[in-house]
Amino acid sequence: MRHKILSGGAKELSYEIREIVKKADQLKDLGLTIYWENIGDPIQKNSEIPQWMKEIISGLVMDNKSYSYCPSKGNLETRHFLSKLNNARGGAQITADDILFFNGLGDAIAKVYQFIDPTLRVIGPSPAYSTHSSAEAAHANQVPITYKLDPNNHWYPDLDDLYNKVKYNPNIIGILIINPDNPTGMVYPYETLKRIVEIAREFKLMLISDEIYLNITYNGARAYSLAEVIEDLPGIAMKGISKELPWPGSRCGWMEYYNKDKDKEFTKFCAALDNAKMIEVCSTTLPQLAIPKIMGDPRFQPYRKELNERIGRRSKIIADILGEIPELMFNETFGAFYNTIIFREGVLRPDQKLKIDNPEVKKLVESWVEKEDVALDKRFVYYLLASTGICVVPISSFCSDLKGFRIT
Ligand code: PLP
């Protein structure tokens, strides 16, 4: 090649949720049964999409419209429907023009950081769903800038840490919130969100809120959307149907722009995102057509309520079991469907091994931990996988210095 073609930032891209699958598959080939606790795919975790939803979707498969391109920003009727849903919650009001569809929220995340000047930064939580931290850091060709979620305080954001990082880094132009949170299952309290909005106002920042789990809360919790707290500041909420319906295979997610016309720079940024989608033509039509039909169906809310109650019961059981183990730091979850378990200082040591009966499996795992420069929690995850077949994801791969793992 005439030039080095790889961008410097490419090294920041990592997604351990799927990397670990490569390791698990090697063990599966050696006869191990794998229990997939790594990925947040409700269908893989035995959540059946109900028959009535399947009938709506198969009806659309018979409709010529689902075979066609849709408008670049997304199907108009669906955007009307979603804007009404947002507006009914109160707070920042939007129209269909403030919504932009993507092929899954992962696609939206990959795109949102692309049009930010690479010298400017978006600060995000730590730990964080790594698609955000990776995509942002890769674009800036720098390591991620983060504010701490505090395991000693229900995983709530450390607001002093956030304030100081923003204050002393003039290149920060946005704050990312993931609410409810992946990987911690934390739901941002209303007062916390209001304080984050105040910080954004003081330093003239935009807000980005990943709300793919917005309606997955339980055991008395309620998640406040960005629209409900943002007032007149510029912001983007990111939503989708992978978890809520759940239909992760649909690859369908969208952005909602708040106060698009109130800040000139933000107006230009949203226009660039819209324009990029036009170049791409549009996102997948079929799931967009299904959204108003499914979410507008009277069976949808009772179905969701039942699903949330089920996740809530599971969360309580996990909390009862893990709360008893003094070596672990654990917070009961109130949203999404993940649990983050942290080892207390000194619990994990580099000489520890778990018992592995199969000699071939043992040899393979030892080769991984010897060859790779693995963090202590990743080493634990490898041993856990080889010893029990349970496949989880190390917390160090969620943009965090803590040592632990996430289960789904
Ligand atoms: N955002 C968060 C916080 C997620 O947990 C996920 C998937 O796990 C996504 C976005 C990506 O969702 P999608 O399946 O729509 O790409």
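Every number in this text was worked out from the coordinates using simple rules, so none of it is lab data. These numbers were taken from a predicted model, which means no experiment stands behind them. Using ideal geometry, Cβ is built from the backbone for each residue, glycine included, and neighbour counts are taken over all protein chains shown.
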(request) Considering the options Y190, I342, V381, tell which one lies farthest towards the positive end of the dipole of the chain, charges being +1 on Lys and Arg and -1 on Asp and Glu at the Cβ, about the Cα centre. (result) V381
(message) Please compute the length gained on full extension between L85 and L13, using 0.36 nm multiplied by the number of residues separating them and subtracting their Cα-Cα distance.
(response) 22.5 nm
(message) With a cut-off of 8 Å between alpha carbons and a minimum separation of six or more residues, what is the relative contact order of the chain in percent?
(response) 23 percent
(message) Residue by residue through the stretch 305-310, what is 3J(HN,Hα) from phi via Karplus (6.51 cos²θ - 1.76 cosθ + 1.60, θ = phi - 60°)? Round to whole Hz and write x for glycine and proline.
(response) 4, 5, 5, 5, 5, 5
(request) Take the chain, compute every pairwise Cα distance, and split them into 20 Å bins from 0; I just need the percent in each bin. (result) 26, 58, 17, 0
(request) Please sort by residue number the trypsin sites (Lys or Arg not before Pro) in the stretch 348-408 whose DSSP state is loop and whose Cβ has at most 11 other Cβ atoms within 10 Å. (result) K355
(request) Please go through the stretch 326-374 and write out the GluC sites (Glu not before Pro) that DSSP classes as loop and that have at most 12 other C-beta atoms within 10 Å. (result) E327, E345, E372
(message) What number does the stretch 68-295 give for Rg over Rh if you use C-alpha atoms and the Kirkwood radius?
(response) 0.94
(request) Collect residues whose amide H, placed 1.01 Å from N in the peptide plane, falls under 5 Å from the amide H of E231; neighbours closer than 5 in sequence don't count. (result) A92
(message) Quick check: Cα centre of the stretch 98-167 to Cα centre of the stretch 288-319, how many Å?
(response) 27 Å
(request) Would you mind computing Rg(Cα) / (2.2 N^0.38 Å) for the stretch 155-211, counting N as its residues? (result) 1.08
(request) Only loop residues by DSSP count here, and only those with at most 12 other Cβ atoms within 10 Å; note down the chymotrypsin sites (Phe, Trp or Tyr not before Pro) in the stretch 1-107 that meet that. (result) Y69
(message) At 222 nm, what value in deg cm²/dmol follows for the chain if DSSP H runs of at least 4 each add -39500 (n - 2.57) and the sum is divided by all its residues, to the nearest 500?
(response) -12500 deg cm²/dmol
(request) Per residue of the stretch 376-391, in order, report the coupling 6.51 cos²θ - 1.76 cosθ + 1.60 (Karplus, θ = phi - 60°) as ³J(HN,Hα) in whole Hz, putting x for Gly and Pro. (result) 4, 6, 5, 4, 4, 4, 4, 5, 4, 4, 6, 7, 10, x, 7, 9
